[in-house]
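Chemist: There's a structure below that I have some questions on.
The values are calculated or read from the model by the stated rules, or taken from the named source; none is laboratory data. What you see is a predicted model; the values in this text were computed from it and never measured. Positions of Cβ are backbone-derived with ideal geometry, glycine not excepted, and every protein chain shown enters the neighbour counts. Ligands, DNA and RNA are excluded from the accessible area calculation, which covers all protein heavy atoms including side chains. Shrake-Rupley method; radii C 1.70, N 1.55, O 1.52, S 1.80 Å.
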Amino acid sequence: MEAWDVVVVGGGPAGAAAALAARRHGASVLVVDRADFPRDKVCGDGVAPEALDVLAALGADVDAVTAGFPAVPRLRLTSPSGRTLERTMHRPALVVPRAVLDARVLDAARAAGAEFRRHTVRRLVPGPDGVAVDGALTAGVVVGADGAESVVRRALGVGANRPDRLAVAIRGYAPAGDPGVQVITTTDQRWPAYAWSFPVGDGRANVGYGELVSGGATRAGLLEGLHRLLPGVEPEGLRAHRLPLSTQRPRQPDGRVLLAGDAASLINPMTGEGIFYALLSGALAGAAAAHGPGAGAVLRAALADRLGTHLRHTATASRLSSRPWLMDATFGAAAADQRVFDDVVALGLADGRLTGRTLLGAVRSLRPRTRRP
């Protein structure tokens, strides 16, 4: 059979980052995906600056990846009770359609020496010296970066997330409002749930709505939530997708088969953000692949070191956010203090922490409420 040092299943951000990292360690790398690129991917299209930092560290040309898509410097948040705040982010985000972003990052991996083929993986058989892929390829290490419905994850015997640890969202494209502002609107109806509108920069905005599967989400309910929170917006090309949240992240097993991105349930439970996690976990997986049979243990330790504290803090924040009034108080603290706003953004979009400043600010924001008769 054809032999490779690393076979990456999935050519999205996690897979392309894994390929870039593995090539930096001198590995022969094959990326396989069931689709050709460019291809659309259901997502909010928001790209945090920290995600671009990961790409830059892998040697990718960030300017080429984001060319044609201007930075979006401001974020407008609406709390469950209707309180709205708008501030400039410490570092501006970007909005790049996944049809563009994924193809460009994969192109960077190919330019670094990775090979890409269209192929649907159906069967993995780990052995003492490698992993057989569909009886046609062998890999020293396989990286599963094949999304929420990961074949690689199932091959490892890892089940799907529980409904209360799984979100579903619907998104499309509509004419943009303010081109310099990302909008996130929450609601206490069907909580926790929110809608978004992220301007792409070409006159369109990526708009969508998401909630937990355990809330009994249906397409009709998702559409109702979208129209209720973004009245007058009529998006085209609406498609839905599932989001396995990091509050039920599986333990990376030992051995030669690794998981990254959505396949590893690396989705922020507060915001649904996954691109930063995908790039970072893919980069860590690609580097860990150099360790062959010890790759699983190396990746597990690397994820714990790089994201462990952050993931514990997002899990705590997710539990706290089950109370809409506490979210209102946190939004109030962010409206009053730019530093709290920056902390909240970092927690939701990158690898920030639930800071004492944020918690104290939320408590202070609650005090006027508790004194009302």
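Chemist: How about segment 301-334: which of its residues are open to solvent by 30 Å² or more (accessible area, probe 1.4 Å), closer than 19 Å to Gly274 by Cα and touching a residue at least 60 places away in the same chain (Cβ under 8 Å)?
Modeler: Scanning segment 301-334 gives a single hit, Ser318.
Chemist: Let me ask another. Output the helices (runs of 4 or more DSSP H) that fall wholly within segment 242-346 and possess 3 or more residues being within 16 Å of the chain's Cα centre (by Cα) and either of a type in the set (A, V, I, L, M) or within 20 Å of Pro80 (Cβ to Cβ) (or both), or say none.
Modeler: In segment 242-346, 275-288, 295-320 are the helices (runs of 4 or more DSSP H) which contain 3 or more residues that are within 16 Å of the chain's Cα centre (by Cα) and either of a type in the set (A, V, I, L, M) or within 20 Å of Pro80 (Cβ to Cβ) (or both).
Chemist: Need a quick list: helices (runs of 4 or more DSSP H) entirely within segment 1-118 having at least 1 residues that are hydroxyl-bearing (Ser, Thr, Tyr).
Modeler: Qualifying helices (runs of 4 or more DSSP H): 62-66.
Chemist: On the given criteria, is Ala111 open to solvent by less than 60 Å² (accessible area, probe 1.4 Å) and either free of Cβ contacts under 8 Å to residues at least 12 places away in the same chain or under 30 Å from Arg87 (Cβ atoms) (or both)?
Modeler: No, not satisfied.
Chemist: Which one of the conditions (1) in a strand (DSSP E or B); (2) of a type in the set (Gly, Ala, Ser); (3) without any contact (Cβ under 8 Å) to a residue 24 or more places away in the chain does Ala167 fail to meet, given that it meets all the rest?
Modeler: If we test Ala167 against (1) in a strand (DSSP E or B); (2) of a type in the set (Gly, Ala, Ser); (3) without any contact (Cβ under 8 Å) to a residue 24 or more places away in the chain, just (3) comes out false.
Chemist: I'd like to check something: does segment 123-134 contain any residue that is within 27 Å of Val62 (Cβ to Cβ) and assigned to a strand (DSSP E or B)?
Modeler: no
Chemist: Further, regarding this structure: Can you tell me which of Ala57, Ala93, Ala103 is closer than 21 Å to Asp342 by Cβ and within 20 Å of the chain's Cα centre (by Cα)?
Modeler: Criteria check complete, one pass: Ala93.
Chemist: Would you check if Leu58 is hydrophobic (A, V, I, L, M, F, W, C), closer than 22 Å to Leu266 by Cα, touching a Gly at 6+ places or on another chain (Cβ under 8 Å) and modelled with pLDDT of 95 or more?
Modeler: Against the criterion (hydrophobic (A, V, I, L, M, F, W, C), closer than 22 Å to Leu266 by Cα, touching a Gly at 6+ places or on another chain (Cβ under 8 Å) and modelled with pLDDT of 95 or more), Leu58 does not qualify.
Chemist: Can you say whether Arg122 is without any contact (Cβ under 8 Å) to a residue 60 or more places away in the chain and closer than 19 Å to Ala285 by Cα, as far as the supplied structure shows?
Modeler: In short, no.
Chemist: Being in contact with an Asp or Glu (Cβ under 7 Å, 6 or more places away or on another chain) and closer than 23 Å to Asp5 by Cβ is true for just one of Gly296, Gly282, Gly352, Gly348. Which residue is that?
Modeler: Answer to the check: Gly296.
Chemist: Another one. List pairs: first residue in segment 81-93 and among the hydroxyl-bearing types (Ser, Thr, Tyr), second residue open to solvent by 60 Å² or more (accessible area, probe 1.4 Å) anywhere in the structure, Cβ distance under 7 angstrom, at least six positions apart or on different chains.
Modeler: Partner pairs satisfying both residue conditions: Ser81/Asp188; Thr84/Arg76; Thr88/Arg74.
Chemist: Which residue pairs have Cβ atoms under 7 Å apart, sit 6 or more places apart or on different chains, and have a first residue in segment 211-235 that is more than 16 Å from Ala176 (Cβ to Cβ) and a second that is open to solvent by less than 50 Å² (accessible area, probe 1.4 Å) and part of a helix (DSSP H, G or I)?
Modeler: Matching pairs, first to second residue: Glu211/Gly225.
Chemist: Next question. Going by the conditions given, is Arg87 closer than 21 Å to Met270 by Cα and either basic (Lys, Arg) or open to solvent by 70 Å² or more (accessible area, probe 1.4 Å) (or both)?
Modeler: Yes, satisfied.
Chemist: Could we say that Asn161 is out of contact with any Leu (no Cβ under 6 Å at 6 or more places or on another chain), crowded, with 19+ Cβ neighbours inside 10 Å and outside any strand (DSSP E or B) here?
Modeler: The answer is yes for Asn161.
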